[in-house]
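Visitor: Provided herewith is a single structure, encoded as structure tokens, for subsequent inquiry.
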Amino acid sequence: MLKRVISGVLGVPILLAIIHYGGMALFLSVLVISVIGLSEFYRAVRNKGINPISWVGYLASIGIISLFNFNFEANYILFLIVVTTFILSIILLLKPKYNITDASITAFGIIYVTILLGHVLLTSKQDNSIAIWLIFITAWATDTCAYFTGVFFGKRKLCPVISPKKTIEGAIGGLVGSIVISGIFGYLFLADHLLVVLLIGLIGSILSVFGDLTASIIKRYVEVKDYGNLMPGHGGVLDRFDSILFTAPVVYYFLIFMINNG
């Protein structure tokens, strides 16, 4: 517990500063986190005898994150995806030690870690980019409020097989907390779009839980407790950002479809 508290005290201010200043610091942070997260994912699946083609995943991730930051054009992204698919297919032909499962998991890692996390950068490039805070508010508020609600009132298990500690009462508490805190943020910074922000708080909270459960079911399948130990008391990068992977796209698409086009 002490390690967890110390890591949080040291890590949270750094993360808040990076989000606040944005720019190159945010780009490099998202790039590093995505590569480390992808490495953790690939290392975890090897426990099941899967052999992802890691270098393809890393190169594709660097390219995708760079395009998201410097030149987000759909044609360039599609081109990179097509090239990655060609490379994976050629490797399957030339390297008998790899199979379709290895290639598929390689591609899934790119989508699950890099593309989802990359929506943090995409959000930072939009008008009303202050909404980037909602990515973290919905995830953190859900997690924190769910924890304390679960501790004091939790009785009924939410998904006992996947995550035995989560309760229905905790999930409800997390949902309410996310809506309330998002609403306060919206009132202060996006008052003209308060209803949309409240909706982000609702949907973001639900998908935050799904992000957490998705990470849990993957870890259960590959039989690991944590993705890594990079952050003492917190596990690996993916253990801390599993919810962010799902809240980032929620905020981005609400922003471009309902706030900036509203």
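Visitor: Quick one: how many residues across the range 193-233 are closer than 21 Å to Glu40 by Cα and either within 15 Å of the chain's Cα centre (by Cα) or in a helix (DSSP H, G or I) (or both)?
Guide: Result for the range 193-233: 16.
Visitor: Please determine, by comparing only the residues of the range 118-142 that are of a type outside the set (A, V, I, L, M, F, W, C) and buried (at least 21 other Cβ atoms within 10 Å of the Cβ), which one is farthest from Ala60 (Cα to Cα).
Guide: This residue is Thr142.
Visitor: Something else about it: So for the range 167-183 (the condition being touching a residue at least 24 places away in the same chain (Cβ under 8 Å), surrounded by fewer than 21 Cβ atoms within 10 Å (Cβ to Cβ) and among the acidic types (Asp, Glu)), does at least one residue qualify?
Guide: No, because not a single residue in the range 167-183 is touching a residue at least 24 places away in the same chain (Cβ under 8 Å), surrounded by fewer than 21 Cβ atoms within 10 Å (Cβ to Cβ) and among the acidic types (Asp, Glu).
Visitor: Follow-up question, since we're still on this one. Could you count how many residues in the range 20-67 are surrounded by 14 or more Cβ atoms within 10 Å (Cβ to Cβ), closer than 23 Å to Val222 by Cβ and among the small types (Gly, Ala, Ser)?
Guide: Total satisfying the criteria: 8.
Visitor: Let me ask something else. How many residues does the range 30-67 contain that are out of contact with any Asp or Glu (no Cβ under 7 Å at 6 or more places or on another chain) and either at pLDDT below 95 or not hydroxyl-bearing (Ser, Thr, Tyr) (or both)?
Guide: Number satisfying all stated conditions: 26.
Visitor: Can you list residue pairs whose Cβ atoms sit under 6 Å apart, with the first residue in the range 152-165 being more than 17 Å from Glu223 (Cα to Cα) and the second being small (Gly, Ala, Ser)? Count only pairs 6 or more apart in sequence or on different chains.
Guide: As it stands, the answer is Gly154/Gly170; Leu158/Ala171, since those pairs meet every condition given.
Visitor: Related question: Give the residue that is modelled with the highest pLDDT, with candidates limited to residues of the range 142-190 that are of a type in the set (Val, Ile, Thr) and in contact with a strand residue (DSSP E or B) (Cβ under 9 Å, 6 or more places away or on another chain).
Guide: That would be Thr149.
Visitor: Condition check: assigned to a helix (DSSP H, G or I) and polar (S, T, N, Q). Does Asn47 satisfy that?
Guide: Taking the combined requirement at face value, the residue satisfies it.
Visitor: Hey, among Gly49, Gly109, Gly23, Gly63, which residue is small (Gly, Ala, Ser) and in contact (Cβ under 8 Å) with a residue 40 or more places away in the chain?
Guide: Sole residue among the options that is small (Gly, Ala, Ser) and in contact (Cβ under 8 Å) with a residue 40 or more places away in the chain: Gly109.
Visitor: Right, something else. Considering only residues that are over 14 Å from Thr214 (Cβ atoms), buried (at least 21 other Cβ atoms within 10 Å of the Cβ) and of a type outside the set (Val, Ile, Thr), look in the range 225-239 and name the one that is modelled with the lowest pLDDT.
Guide: Per the criteria, the residue is Gly235.
The values are calculated or read from the model by the stated rules, or taken from the named source; none is laboratory data. No experiment lies behind these values; they were computed from the predicted model shown. Virtual Cβ from ideal backbone geometry, glycine too; neighbours counted across all protein chains shown.
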